[in-house]
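See structure below.
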Amino acid sequence: MGAQLMDFDYIVIGSGFGGSVSALRLAEKGYRVAVLEQGRHWTAETLPVSNREYSRWLWVPALRWQGFYSIRFFRHMIALHGNAVGGGSITYANTLLVPPAKVWREGGWAGLADWERIMPAHYETASRMLGVTTNRIMGPADEHLREMSKVIGVENTYYPTRVAVYFGQEGDQPGTPHPDPYFGGEGPQRYSCNGCGGCMVGCRYGAKNTLDMNYLHLAQRHGAQVRAQTKVVDVRPLDGAADGSRGYEVEAVSLARGTRGKRTRLRCTGVVFAASSMGTQELLMRLRDRGSLPALSPMLGKHVRTNAESLISVRFPGSKIDFSKGVAIGSGIYIDQYTHIEAVRYGIDSDSMGGLITGPMVGGKPGVGRILAWAGTMVRMALTQPRQLFSLLRWKNWARECVILLCMQTLEGQLSMRLVRHWYWPFSKKLATYGSKLPAFIPAANDFARKAAKACGGVAMNWLSETVLNIPITAHCMGGAVMGSNPQEGVCDAQHRVFGYRNMYICDGSVVSANLGVNPSLTITALAENCMSHIPPKSA
């Protein structure tokens, strides 16, 4: 197939951290690039003011809601992720941390490359591109976390987070505009952070370094096309070359109002899958099932990981202190060698996540014992302290009155995913999880929260899914298309090349092959930088 008959050299599926890196680096090397993203393109004017604007916040295609925040329910976890031009960067907490070096000696990627030598340079590039800096706005929740750390004697581990936020020049007032401070004038104007705490509902003030402000912005300046509200439904090799050596045809369907359902077919030389861990897994499974990409590894869907997370909160009902102020995640501590806790917040009036709170923290063995302990506590408070119970459970002022504690552990735990036809929805197959239960109860974190809450005058609280269902909530689903030395060990190799196909890559969280124990966005970005470094410039 001649190059002149191809619509693009590369089509990138997804515009998150891996997809945005791929788009820019390929465009810089002279390739014609299209990025196909099923989510919307958001601007400061169109972002919701709070997460109570459900149709603009939540991604629920069945209701025609095309927000940027997706909540997916599985047997083993509740997974949170983003759908937008810019992927999860629109809604993530902009915390960018380098994991401990030992992660490269663990999991499926161990021994595939000299990671500890290779990756530091890519982390440095990713950090520069994303504008990573040390948090300069320590809000009340961060100060409380510091006080909490003293209770158990770990204040020495307390640190301000490294975040993708523009804080402006020394002495700037919040909201001060500046011409592009990162890319010599090629990037958009930025504004110094005002510490509103609304990072996870999309930054409306031009301070958060979302991907549409850096990688994607520059990719478009280099000629890459970004097509929003465009969902890929098929990828198949061209002209009878089963390995894709003659290129691919990519079929996509429009999700936009006015053109909804319209199908487009594009031809390209290469494809980059970057639709997030779950998005890439699901798409590849459907393509294998329908016979479009039958040679995909049987390891697809295996070695799915989270950061062994648990969400806890400490509420201060009626507090005069506004805990919503600051950046989404402003500080962290380590309570032991395996357990990392960060102080999290939502902006004022973004109280919807408060609906997942069950009540005061309870102990007991996970399962029936913990449910009975929870039920007993709720009944006792309803009879003896009804007003206090109401003040703890009401959604109003939840963001203002709560310090949310995100607990992450480096302990290993894995799941598998596959497409199944459930009895309650026999019309189509859906992604489902299999394997051993993931921990929803982390005793060390709960013990810390109880002691810290008591010392600071708050009430430690659990989340509904973790207490009643014994199911953790995670924003860090990773793996499922992990690296390996051959198709029996992984879906792709150490350069992200998909086994069985030519010019096909995976560049998102699905390739992460060990438990990072920290927020994964910077690692996904650095891995994509590494992948793209192996693709040569386009020949004349």
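The values are calculated or read from the model by the stated rules, or taken from the named source; none is laboratory data. Note that the structure is a prediction, hence the values are computed from the model and not measured. Note: ideal-geometry Cβ built from the backbone for every residue, glycine included; neighbour counts use all protein chains shown. To get the accessible areas, we keep the full protein, side chains included, count just its heavy atoms, and leave off ligands, DNA and RNA. Shrake-Rupley method; radii C 1.70, N 1.55, O 1.52, S 1.80 Å.
Within segment 461-487, the residues that satisfy the criterion of being over 22 Å from the mean Cα position of the chain (by Cα) and under 22 Å from TRP104 (Cα atoms) are GLY484, SER485, ASN486, PRO487. When segment 231-240 is filtered for residues that are touching a residue at least 12 places away in the same chain (Cβ under 8 Å) and either more than 16 Å from TYR10 (Cβ to Cβ) or not in a loop (DSSP other than H, G, I, E, B) (or both), the ones remaining, listed by number, are LYS231, VAL232, VAL233, ASP234, VAL235, ARG236, PRO237, ASP239. Taken together, the residues in segment 449-484 that are closer than 20 Å to THR306 by Cβ and open to solvent by 50 Å² or more (accessible area, probe 1.4 Å) amount to 3.
Check off (1) open to solvent by 40 Å² or more (accessible area, probe 1.4 Å); (2) of a type outside the set (S, T, N, Q); (3) in contact with a strand residue (DSSP E or B) (Cβ under 7 Å, 6 or more places away or on another chain); (4) over 30 Å from ALA514 (Cα atoms) for ALA242 and give me the number that stays unchecked. ALA242 satisfies every listed condition except (3).
Taken together, GLY87, GLY111 contain a single residue that is open to solvent by less than 20 Å² (accessible area, probe 1.4 Å) and under 17 Å from VAL511 (Cα atoms), which is GLY87.
Cβ-Cβ distances below 7 Å connect the following pairs, each with a first residue in segment 13-42 that is β-branched (Val, Ile, Thr), a second residue that is open to solvent by 20 Å² or more (accessible area, probe 1.4 Å) and part of a loop (DSSP other than H, G, I, E, B), and a separation of six or more residues or different chains: ILE13/ALA275. Residues that are open to solvent by 10 Å² or more (accessible area, probe 1.4 Å), part of a loop (DSSP other than H, G, I, E, B) and touching a Gly at 6+ places or on another chain (Cβ under 9 Å) do occur in segment 332-340.
The residue of segment 28-59 that is nearest to ILE524 (Cα to Cα), among those that are among the hydrophobic types (A, V, I, L, M, F, W, C) and open to solvent by 40 Å² or more (accessible area, probe 1.4 Å), is ALA44. Does ARG418 count as under 27 Å from the mean Cα position of the chain (by Cα) and either of a type in the set (Phe, Trp, Tyr) or open to solvent by 50 Å² or more (accessible area, probe 1.4 Å) (or both)? Judged against the criteria, ARG418 is a match.
Of all the criteria given as (1) under 30 Å from MET285 (Cβ atoms); (2) among the β-branched types (Val, Ile, Thr); (3) free of Cβ contacts under 8 Å to residues at least 24 places away in the same chain, the one not satisfied by VAL379 is (1).
Please go through segment 165-191 and pick out each residue that is within 15 Å of ILE137 (Cβ to Cβ) and among the small types (Gly, Ala, Ser).
Listed by number, the residues that qualify are GLY168, GLY171, GLY175.
All conditions but one from (1) over 18 Å from ALA475 (Cα atoms); (2) open to solvent by less than 60 Å² (accessible area, probe 1.4 Å); (3) not small (Gly, Ala, Ser) apply to TYR424; the one that does not is (2). Might you check whether a residue that is more than 21 Å from ARG52 (Cβ to Cβ) and open to solvent by 10 Å² or more (accessible area, probe 1.4 Å) occurs anywhere in segment 343-360? Yes, segment 343-360 has at least one match.
Listed here are the residues, each with its yes/no results for (1) under 30 Å from ALA494 (Cβ atoms); (2) in contact (Cβ under 8 Å) with a residue 40 or more places away in the chain; (3) out of contact with any Ser or Thr (no Cβ under 8 Å at 6 or more places or on another chain).
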{"residue": "VAL49", "(1), (2), (3)": "no, yes, yes"}
{"residue": "PHE73", "(1), (2), (3)": "no, no, yes"}
{"residue": "GLY88", "(1), (2), (3)": "yes, yes, no"}
{"residue": "ALA93", "(1), (2), (3)": "yes, yes, yes"}
{"residue": "GLU116", "(1), (2), (3)": "yes, no, yes"}
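Within segment 60-74, is there a residue that is aliphatic (A, V, I, L, M), buried (at least 16 other Cβ atoms within 10 Å of the Cβ), under 22 Å from the mean Cα position of the chain (by Cα) and more than 18 Å from MET478 (Cα to Cα)? Looking through segment 60-74, none of the residues is aliphatic (A, V, I, L, M), buried (at least 16 other Cβ atoms within 10 Å of the Cβ), under 22 Å from the mean Cα position of the chain (by Cα) and more than 18 Å from MET478 (Cα to Cα).
Just one of the listed residues (LYS365, LYS302) is modelled with pLDDT of 95 or more and over 24 Å from VAL49 (Cβ atoms), namely LYS302.
The strands (runs of 3 or more DSSP E) found entirely in segment 247-323 include none that carry 3 or more residues being within 27 Å of the chain's Cα centre (by Cα), surrounded by fewer than 20 Cβ atoms within 10 Å (Cβ to Cβ) and of a type in the set (A, V, I, L, M). Identify all residues within segment 378-411 that are among the polar types (S, T, N, Q) and surrounded by 19 or more Cβ atoms within 10 Å (Cβ to Cβ); write none if there are none. Result: ASN397, GLN409, THR410. So which of ILE118, ILE152 is in contact with a helix residue (DSSP H, G or I) (Cβ under 7 Å, 6 or more places away or on another chain), more than 26 Å from THR339 (Cβ to Cβ) and of a type in the set (Val, Ile, Thr)? So the residue among ILE118, ILE152 that is in contact with a helix residue (DSSP H, G or I) (Cβ under 7 Å, 6 or more places away or on another chain), more than 26 Å from THR339 (Cβ to Cβ) and of a type in the set (Val, Ile, Thr) is ILE118.
Against the conditions (1) open to solvent by less than 20 Å² (accessible area, probe 1.4 Å); (2) of a type outside the set (A, V, I, L, M); (3) farther than 29 Å from HIS496 by Cα, TRP104 satisfies every one except (3).
Return the residues of segment 485-516 that are surrounded by fewer than 24 Cβ atoms within 10 Å (Cβ to Cβ), of a type outside the set (A, V, I, L, M, F, W, C) and either modelled with pLDDT under 95 or part of a loop (DSSP other than H, G, I, E, B) (or both); say none if nothing qualifies. Within segment 485-516, SER485, ASN486, PRO487, GLN488, GLU489, ASP493, GLN495, GLY500, TYR501, ARG502, ASN503 qualify. The set of residues from segment 9-27 being assigned to a strand (DSSP E or B) and crowded, with 21+ Cβ neighbours inside 10 Å comprises TYR10, ILE11, VAL12, ILE13.
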